Amino acid sequence: MPITLRGQCLVANKSLKDPNFHKTIVLLLEHTVGGATGLVLNRPSSILVAHALSGHFQIPNSDRVVFMGGPVEPSALLMLHDVHALGGPEVSTSPGVFIAESSDAFEQVLRTNDSNDDYGDRFRIFSGYSGWGEGQLEQEIDNGDWLLHPGGHQLVFGIDPYEAYDIALRQIFDATQLLPYRMTDPTLN
């Protein structure tokens with residue numbers, strides 16, 4: 001296993017039954033010997049972004065929703081964005097994906113998004129995050145609970161979150177070519 005998995009995605013194996021992570025994709029924001037943190041990418045909520053940020057920013061109403069980033073600190077709001085002018089190596093999680101680390105960055109991303117709708121999903125807001133203690137994630141990976149997938153802009157912003165899990169699994173199985181993604185003949189099991 002690489003020294004750090006930062007920027008990689010964890011794809012829950014179908015056998016993982018924890019309701020917090022069943023059929024999820026988690027982008028790892030940090031991974032050190034002390035533990036790991038990440039955001040669930042494919043759990044949209046029913047909470048509108050405009051409502052969640054109303055006490056902090058004035059943004060127009062839209063159908064954008066807050067994503068459930070994980071069970072840790074569910075009242076904390078985090079933002080992933082793709083505004084390169086605001087990003088730098090210290091806040092980049094994977095190619096083309098950045099973390100807004102301050103309220104100023106939140107505001108600049110929101111302002112950039114309002115002024116140019118041609119860019120599509122320039123940001124996603126997450127409520128809470130996922131966390132693992134020292135050695136916990138490594139043990140879960142060794143147990144087969146998680147499959148590794150390269151993180152990136154397309155997986156974070158370019159895929160329908162309701163289809164992302166199946167797409168990521170298919171990509172993993174295609175890359176490893178050990179077994180077909182779906183067995184068409186059950187007698188081959």
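The values are calculated or read from the model by the stated rules, or taken from the named source; none is laboratory data. Just so it is clear, the structure is predicted and the values come from calculations on it, not from any experiment. Virtual Cβ from ideal backbone geometry, glycine too; neighbours counted across all protein chains shown.
Tabulated data for the structure shown
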quantity	calculated
Those residues of segment 82-123 which are modelled with pLDDT of 85 or more and closer than 19 Å to S54 by Cα, in sequence order	A100, V109, F123
Sole exception among (1) out of contact with any helix residue (DSSP H, G or I) (no Cβ under 8 Å at 6 or more places or on another chain); (2) of a type outside the set (D, E, K, R); (3) at pLDDT 95 or above; (4) over 22 Å from V66 (Cβ atoms) for F126, by number	(4)
First in segment 138-164 and at positive phi, second anywhere and assigned to a loop (DSSP other than H, G, I, E, B) and surrounded by fewer than 16 Cβ atoms within 10 Å (Cβ to Cβ), Cβ under 8 Å, 6 or more apart	G144/S15; G152/P95
Matching residues in segment 34-60 - criterion: being hydroxyl-bearing (S, T, Y) and either buried (at least 19 other Cβ atoms within 10 Å of the Cβ) or under 13 Å from L10 (Cβ atoms) (or both)	T37
V83 being in contact with a strand residue (DSSP E or B) (Cβ under 8 Å, 6 or more places away or on another chain), part of a loop (DSSP other than H, G, I, E, B) and among the aliphatic types (A, V, I, L, M)	yes
Residues satisfying the stated conditions in segment 1-33, i.e. of a type in the set (A, V, I, L, M, F, W, C) and either surrounded by fewer than 19 Cβ atoms within 10 Å (Cβ to Cβ) or not in a strand (DSSP E or B) (or both)	M1, I3, L5, L16, F21, V33
Residue count for segment 48-65, restricted to those that are among the hydrophobic types (A, V, I, L, M, F, W, C) and part of a loop (DSSP other than H, G, I, E, B)	3
Pairs with Cβ under 6 Å, 6+ apart, first in segment 92-114 and over 26 Å from H149 (Cβ atoms), second surrounded by 15 or more Cβ atoms within 10 Å (Cβ to Cβ) and at pLDDT below 85	A105/L86; Q108/L86; L110/I59; T112/V83; N113/R122
Tally, over segment 37-65, of residues that are touching a residue at least 40 places away in the same chain (Cβ under 8 Å) and not basic (K, R)	16
Residues (crowded, with 17+ Cβ neighbours inside 10 Å and farther than 20 Å from R43 by Cα) located in segment 92-104	G96
Within segment 149-172, considering residues that are under 15 Å from T93 (Cβ atoms) and in contact with a Pro (Cβ under 7 Å, 6 or more places away or on another chain), the one surrounded by the fewest Cβ atoms within 10 Å (Cβ to Cβ)	H153
Selection from segment 66-78 of residues that are surrounded by 18 or more Cβ atoms within 10 Å (Cβ to Cβ) and either part of a loop (DSSP other than H, G, I, E, B) or free of Cβ contacts under 8 Å to residues at least 24 places away in the same chain (or both)	G69, G70
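Here is a yes/no grid of residues against (1) closer than 14 Å to N13 by Cβ; (2) outside any loop (DSSP other than H, G, I, E, B); (3) at pLDDT below 90; (4) of a type in the set (F, W, Y):
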site	(1), (2), (3), (4)
L148	yes, yes, no, no
L155	no, yes, no, no
Y162	no, no, no, yes
A168	yes, yes, no, no
P180	no, no, yes, no
